[in-house]
Structures are given as structure tokens and as C-alpha cells.
Amino acid sequence: MRKRKKTQRYRFWRNVLIIGLSGLCGVLIGYGVKVFHLERGVRLTNILSQPLLYGGLTTLSVFLLLVAGYLYRKLKENVALRSQTEDEELANAIEIRSQKESSLLFMIAAVLIVPALLVFNYMIGTVYRYEADGVLANLYGVIVFLSGVATSILADRSYKVVNGRALPRYANSKEKREVLMSHMDEVEKQINYEENFELVIRLTNQVIPAILILLLILSALFRMDITLAMVTVGCIYIYMIIHQYRIVKRYYK
């Protein structure tokens, strides 16, 4: 079925409708908050200083470590099975599965950075303010740190198991990129280029603007101080926009 081409008029009125509906929703929310006296002052520091929250993050870190251990065990089993099988089609299927499991391990190691930073912030805050739950915060920090280190080690080992050689130790992002690209064929590189381009477009045109709007809504509803969050997200947004110019400059040099 042939896809219908969208005209300029259609896109214009679509954007007008989206902006109009968004404005109407904002007015209705603001009117409801004012009429029903729903204003609530919320301090983010109070939310981010609850021991239960960081206990949950620590539990999540341990759970992700267990998942990483399970994936690494399955990965080694698949690699051993691939070396024993003589069926080429089955060997290719096992290799694809092994690559997916190795990629998932690296994703889990990257995701663990978020709870680690939050727990470390909590730990530093309790020490700085001499709070009574400082011992608990230190315990959370040690557990999350060990979980992150163990998951990173499993991810690095999985790369060696799948590709036959380890990632260079203490390498920066550029050096790791060169090593990873050296293992890719032209098809894999093309897929990575297309997916990364799609990611950049979605971040700059959808995700980051949506986060900025959400922060404004939270500020209006709960009287939260979002200055630091707005500056942080804004700096990331500006960096990505400036980085796009490097692409243009490189292409037209």
C-alpha cells in the first residue's frame, strides 16, 4: 500500500492542533489546581533523603547483578555449545544469541550508574549532615559499588568470550569505539549509524523538549525549584545541537 504524502498544510494544522490542545490542558490543570486548592509545596531534597528509596535502589542493583550473572552463565554455555556443534545454521543462531546476551550485560552495567550515583549522593549527604542513618547509607553505597564493579567485570569478560579478545583496560571512549568498530562489518556499521542518527533526532526533537515541558509542569504544580534540572537538561540539549554542526562541517569540508 502506497503511503500518503503529508502536505505542508496538513503539518501546519497538525502542529496548531497539538499546541492548542496542550495549551487547553495546561489551562484546565491550572484552573483545577486554583479552584480546588491543590497547590502543594514539594521539596525534592525531602523526597531524595528517604532511606526506603535508597534501600529500593540498592535492592535493584543487587537484582541487576543477579541478572547479569545469569546472562553471563548462559553466554558461556552458548559459546561452549557453538564450539561443539557442526551445524552451521545452528552455530550462527547461537552466535547471534551470544552477541545479544553480551550487549545486554553492557546495558545493565550502564544502567547501574544511575542508582549508584543516587545512592552515593545519599551517602555523602548523610555524612555531611551527620545524620543517624549514615551507617545505613554507607552500607548501601558499598553494596551498590560492588554490584556495579562486578557487573562491569562480567560485561568485559563477556566481550572476550564472544570475540576472542578483551577490551583494552583503562581505555577512553575514543579507544573503545575504535576497538568495537574494528569488529563490525559494513552492515553492522550502517545499522549503528542509522540507529544513532535516529536516537539523536528523537532526543533533540522529542525526548529533551518533553523533559523540559514536564519540569515546567512539575514546577507549576508543586512549586519545585527546577533551576538546576533545567540547566542540566538544557546543557545536554545545547551540546547535542552543537555536535550536529560538527557533522555538517565534516561532510562539507
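Of the residues making up the range 158-200, those that are among the aliphatic types (A, V, I, L, M), surrounded by 10 or more Cβ atoms within 10 Å (Cβ to Cβ), over 24 Å from Arg73 (Cα atoms) and over 20 Å from the mean Cα position of the chain (by Cα) number 4. Filtering the range 166-194 to residues that are among the charged types (D, E, K, R) and either farther than 20 Å from Ile247 by Cβ or out of contact with any helix residue (DSSP H, G or I) (no Cβ under 8 Å at 6 or more places or on another chain) (or both) leaves Arg169, Lys174, Glu175, Lys176, Arg177, Glu178, Asp185, Glu186, Glu188, Glu194. Scanning the range 112-125 for residues that are open to solvent by 80 Å² or more (accessible area, probe 1.4 Å) and among the aliphatic types (A, V, I, L, M) gives Ile113, Val114, Leu117, Ile124. Of all the numbered requirements in (1) touching a residue at least 12 places away in the same chain (Cβ under 8 Å); (2) farther than 19 Å from Leu104 by Cα, His183 misses one, and that requirement is (2). Consider the range 126-137 and keep the residues that are open to solvent by less than 100 Å² (accessible area, probe 1.4 Å) and in a helix (DSSP H, G or I). The one that is modelled with the lowest pLDDT is Val127. The set of residues from the range 96-109 being within 14 Å of Leu167 (Cβ to Cβ), under 13 Å from the mean Cα position of the chain (by Cα) and either open to solvent by less than 60 Å² (accessible area, probe 1.4 Å) or without any contact (Cβ under 8 Å) to a residue 12 or more places away in the chain (or both) comprises just one member, Ala109. The set of residues from the range 218-240 being β-branched (Val, Ile, Thr), part of a helix (DSSP H, G or I) and surrounded by 15 or more Cβ atoms within 10 Å (Cβ to Cβ) comprises just one member, Val233.
The values are calculated or read from the model by the stated rules, or taken from the named source; none is laboratory data. Keep in mind that this is a model prediction, so the values were computed, not measured. Every residue, glycine among them, receives a Cβ derived from its backbone with ideal geometry; neighbour counts consider all protein chains shown. Surface accessibility is based on the protein's heavy atoms, side chains included, excluding ligands, DNA and RNA. Shrake-Rupley method; radii C 1.70, N 1.55, O 1.52, S 1.80 Å.
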